[in-house]
Ligand SMILES: CC(C)(COP(=O)(O)OP(=O)(O)OC[C@H]1O[C@@H](n2cnc3c(N)ncnc32)[C@H](O)[C@@H]1OP(=O)(O)O)[C@@H](O)C(=O)NCCC(=O)NCCS
């Protein structure tokens, strides 16, 4: 029997987590800006951030959804979500911005993005393997992260969503998030949504 379990990520999950984070990013834009960069190369850069506990992609801020097929084989990571105290955003983003600046001419643009701030537990990236979507895995990850935020004493969780992603927004609305403002993300107008917990 197939079974999905949500658990805290481990360092050795980094390559799987990076593969999924890249699905949630506007990766084509990064690749277009950097000659010779491949999806594999970019994923490997993200993997180094996931392995680093001082970045906002650190495995220590991440939960994974693992699929066990019930035949005794090793579980497969099919979904991820990372989240952290919004007040830590600047500190956790710094090593990422610096590495991107060193690697890419356009990397400095990431510096200008302000996704979150004090007063909310911020849900940064969510991604589920394309072949496993619409089975409730994303919702399970939200539930686990919101529980973590609540246990840590937060009263609000926040996220941003691209205005061009109505399906994702519909999911967030269903989970109880409402729009509280707008933020700019590398030229995309994003809705800032929050849920009181
Ligand atoms: C958003 C996402 C994490 C949801 O995961 P999920 O496991 O499909 O979530 P659930 O099964 O709990 O809920 C499904 C709902 O998610 C929404 N959704 C958002 N994007 C979707 C997508 N690309 N494909 C399918 N459903 C999507 C729909 O409202 C869907 O409802 P439906 O099944 O009635 O159509 C997943 O679709 C995904 O990885 N999308 C691409 C990456 C992304 O856009 N991440 C968010 C920005 S960081």
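Looking at the chain, the DSSP beta bridges with both ends there are about 95 percent antiparallel. Kirkwood hydrodynamic radius computed over region 1-111 comes to 14.9 Å, based on all pairs of distinct alpha carbons. Rg/Rh for region 3-196 (Cα atoms only, Rh after Kirkwood) is 0.94. On the basis of the beta-carbon distance and an R0 of 25 Å, residue 68 and residue 27 show a calculated FRET efficiency of 0.30. Taking each residue as 0.36 nm, the span from residue 133 to residue 182 lengthens on full extension beyond its C-alpha to C-alpha distance by 14.9 nm.
For the pair residue 113 and residue 87, the difference between a 0.36 nm per residue extended length and the Cα-Cα distance amounts to 7.9 nm. Label separation (residue 38 vs residue 15): 1.4 nm, computed from points 7 Å beyond Cα along the C-beta direction. Just to be sure I understand the curve: with the Debye formula and one point per C-alpha of region 124-195, what is log10 I(q)/I(0) at q = 0.14, 0.17, 0.28 Å⁻¹? Summing over Cα pairs of region 124-195 leads to -0.46, -0.68, -1.37.
Bear in mind these aren't lab numbers, they're just calculated from the coordinates by the rules spelled out. From a predicted model like this one, the values you see are computed outputs, not experimental measurements. Cβ atoms come from the backbone with ideal geometry, glycine included; neighbour counts cover every protein chain shown.
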